[in-house]
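J.: Encoded as structure tokens, here's the structure I'll be asking about.
The values are calculated or read from the model by the stated rules, or taken from the named source; none is laboratory data. Since this is a predicted model, take the numbers as computed values, not measurements. Here the Cβ positions follow ideal geometry from the backbone for every residue, glycine too, while neighbour counts run over all protein chains shown. Remember, those area values only see protein heavy atoms, side chains included, never the ligands or the DNA or RNA. Shrake-Rupley method; radii C 1.70, N 1.55, O 1.52, S 1.80 Å.
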Amino acid sequence: MISDMNFFERILYILERYGASYLKGAGTTLLIAIVSTAVGCIIGFAAGVVQTIPVDQKRDSFFKRILLRILRLILDIYVEVFRGTPMIVQAVFIYYGLSQMCNIQLGMWQAAFLVVSVNTGAYMAESVRGGIISVDPGQMEGAKAIGMNHVQAMTCVILPQAFRNILPQIGNNLIINIKDTSVLSVISIVDLFFVHKSVAGALYTYFESATIVMLIYLTMTVVTSRLLRLLEVKLDGSDNYEMTDTMDIGNQLGKKRS
Amino acid sequence: MENILEIRNLKKSFGSHGVLRDISFTVKAGDVISIIGASGSGKSTMLRCINQLEDATSGQILYHGEDITAPKVDVPAYRKKVGMVFQNFNLFENMNVLENCMVGQRKVARKSKEEAEQKALFYLEKVGMAPYIKAKPRQLSGGQKQRVAIARALAMEPEILLFDEPTSALDPQMVGEVLQVMEKLAQEGLTMLIVTHEMAFAREVSKRVIFMADGVIEEEGTPEEVFGSPRSEKTREFLSRFRKC
Ligand SMILES: Nc1ncnc2c1ncn2[C@@H]1O[C@H](COP(=O)(O)OP(=O)(O)OP(=O)(O)O)[C@@H](O)[C@H]1O
Ligand SMILES: [Mg+2]
């Protein structure tokens, strides 16, 4: 009987019976966190780019300026609402609200991806805006001076640097999402936390199950942050560079021409 | 010869602060013009207006007769023809030296990769930076960065190049290598408008010198005229400060 076992025996027993469920739950958690962070980043970049479009009083049409105003207002409201309310409430609000008010029956999966993505997007919008603004204005002027338009300057010069600047914040969001998907159990998503609640409830082993789940969450977040650190190092490139032999350049050019 | 640029009654204020107060002059093909003047006299602002990084408050900037301050003008296309080299280099930090010199040719001029690379290498060779094509800007010295910035501007094959104090951010021992490159360009006939505090360079290399004071052109002439026998009291006073040191 489970009540006769000691702590470690109970953990082993739970793992034997429910190990696969925990892993599956962890997989669900990771999937939602990674996909939603990626989608959230896309939303965030789109929002950040719109927020930083310069307005040229002389050259831009009245229509463009009004459109931009309205877009920005909508974005401001979006950011305030989703940063200013708990995700657990957002999940319930969207999952049940859409079906009652708009007659849209979202599957719980769709609802899960939607809530976490939109929530992350709201945080990323501000990060991206900050990331764009923090790029040295000289970079934009350098791009303009060789004839780039705003879109070219953004895609080739500013956004790659902004992305590098906010990479730590993207990683932070991913780690937060790995942990915070636990609130999705309110809409019956079988993530790691949901598995924990079921197992603990069935066997009355709250402490043991929580220990297992703690370790799994910790492993996921630590591995994630290490991987992101590696990505940062890789993006920064090496501290050295090879000198290129000028004779060699001539030869390379010669080869290409023939 | 035809005017490339004609500046007519250019004025620029920031709020109530009139920085440029009625500037007029012309630039012809092959001109090398040095613009000198005290700090705050509006030299940078004038170059930035010419390159449309700053909106003129009034006046005209005619490029081959077309007023590029008009609302309908394609500014990026104009900037492709009028390059600019900045005091702080402004090299793209996310690209290496070669990419810095290629990106404009590829994206703006829509050149093929091979052609862009050849041209980039040609101009990097000219400024003596070809061996460094794989280096990132942060790995270079100031003088090296500025030479790359000049190559990047040249790779767009502009009709005229604007320099805003290209050597002011450099350690003294690096000033020479940049000025040498600029002198070479002048000899090859490139049209240049150079804001500088390097009086010896202005005197030897330029065809004309413009002395600016308080937002107006106080004096304009050949280097011999402006440096040798300045007409204005302000010019004399400004130049005497340089002679002392
Ligand atoms: N964006 C701006 N907003 C407000 N004032 C400005 C702006 N840019 C320049 N000014 C003002 O315009 C005046 C001229 O500046 P400018 O940079 O053109 O001088 P400069 O001749 O290039 O000086 P320096 O030799 O120090 O570079 C200064 O008084 C400066 O404070
Ligand atoms: Mg200046």
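J.: Would you mind giving the total buried accessible surface between chains A and B, with a 1.4 Å probe and ligands, DNA and RNA left out, rounded to the nearest 100 Å²?
T.: Values: alone 16030 and 11680 Å², together 24500 Å².
That pair hides around 3200 Å² of surface in total.
J.: Holding the Cα-Cα limit at 20 Å, pick out from A:K58/B:K111; B:K12/B:K145; B:K119/B:K145; A:K144/B:K145; B:K81/B:K119; A:K144/B:K72 the pairs that are longer than that.
T.: Values: A:K58/B:K111 31 Å; B:K12/B:K145 31 Å; B:K119/B:K145 18 Å; A:K144/B:K145 18 Å; B:K81/B:K119 16 Å; A:K144/B:K72 17 Å.
Result: A:K58/B:K111; B:K12/B:K145 exceed 20 Å.
J.: How much of the accessible area of region A:2-239, probe 1.4 Å, is carbon plus sulfur, in whole percent?
T.: Reported share for carbon and sulfur atoms: 68 percent.
J.: Skipping prolines and chain starts, which residues have an amide H placed within reach, meaning under 5 Å, of the one on B:E219, given they are 5 or more residues away or on another chain?
T.: Those lying under 5 Å, H to H, from B:E219 are B:F211.
J.: Also, I was wondering about something else. With every protein chain left in place, what is the accessible area of B:M84 in Å² (1.4 Å probe, nearest 10)?
T.: Answer for B:M84: close to 10 Å² accessible.
J.: If you don't mind, another one. Give me the percent of the accessible area of region B:46-187 that comes from carbon and sulfur atoms, probe 1.4 Å, all protein chains in place. Let's see the in-between values first.
T.: On the way: 2370 of 5240 Å².
Carbon and sulfur atoms account for 45 percent of the accessible area of region B:46-187.
J.: For a quick check: with amide H placed at 1.01 Å from N, whose amide H comes under 5 Å from B:G30's, ignoring anything fewer than 5 positions away on the same chain?
T.: B:T191
J.: To the nearest µm²/s, what D does Stokes-Einstein give for region A:2-239 at 20 °C and 1.002 mPa s, using the Kirkwood radius over alpha carbon pairs as Rh? Spell out each step's value before the answer.
T.: Numbers: Rh = 20.4 Å.
Taking Rh from Cα pairs, D becomes 105 µm²/s.
J.: Using the heavy atoms of the protein chains alone and a 1.4 angstrom probe, what is the accessible area of chain B per residue in square angstrom?
T.: Working: 10140 Å² over 245 residues.
Accessible area per residue: 41 Å².
J.: Distance from the Cα centre of region B:90-149 to that of region A:161-194, in angstrom?
T.: Measuring centre to centre over Cα atoms gives 40 Å.
J.: When the Kirkwood hydrodynamic radius is evaluated over all pairs of different C-alpha atoms of region A:124-241, what value in angstrom, to one decimal, is obtained?
T.: Numbers: mean 1/r = 0.0571 Å⁻¹.
So the Kirkwood estimate lands at 17.5 Å.
J.: Per residue, how much accessible surface does region A:2-239 expose to a 1.4 Å probe? Answer in Å², no decimals. Mind dumping the intermediate values first?
T.: Numbers: 12620 Å² over 238 residues.
That works out to 53 Å² per residue.
J.: Of A:K24/A:K197; B:K43/B:K184; A:K234/B:K136, which pairs sit farther than 22 Å apart, going by alpha carbon to alpha carbon? Before the final figure, lay out the partial values.
T.: Details: A:K24/A:K197 14 Å; B:K43/B:K184 24 Å; A:K234/B:K136 14 Å.
The answer is B:K43/B:K184.
J.: Sticking with this one: Starting from 0 in steps of 10 Å, tell me what percent of the Cα-Cα pairs of the protein assembly as shown lands in each bin.
T.: 4, 15, 21, 19, 15, 11, 8, 5, 2, 1, 0
J.: If one takes the longest principal axis of the Cα atoms in chain B, at what angle in degrees, from 0 to 90 and to the nearest 10, does the Cα axis of helix B:233-244 lie?
T.: Approximately 60 degrees, to the nearest ten.
J.: State, to one decimal in nm, how far the label point of B:R231 lies from the label point of A:N103, with both points 7 Å from Cα in the Cβ direction.
T.: 8.5
J.: Among A:I66, A:M220, A:T85, whose Cα lies farthest out toward the positive end of the dipole of region A:2-239, if unit charges sit on the beta carbon of Lys, Arg (+1) and Asp, Glu (-1)?
T.: Farthest towards the positive end: A:I66.
J.: Mind running the shape call on chain B? Use the C-alpha gyration tensor, a ≥ b ≥ c as the square roots of the eigenvalues: rounded below 1.5 for a/c, prolate if a/b tops b/c, oblate otherwise. Don't skip to the answer; put the middle values down first.
T.: On the way: a/c = 1.86, a/b = 1.32, b/c = 1.41.
In terms of gyration-tensor shape, oblate.
J.: Please give the calculated 222 nm ellipticity per residue for the protein assembly as shown, where each DSSP H segment of at least 4 residues contributes -39500 (n - 2.57) and the sum is spread over every residue; nearest 500 deg cm²/dmol? Mind showing how you got there, number by number?
T.: Working: 18 runs with 287 residues, N = 503.
Result for the protein assembly as shown: -19000 deg cm²/dmol, rounded to the nearest 500.
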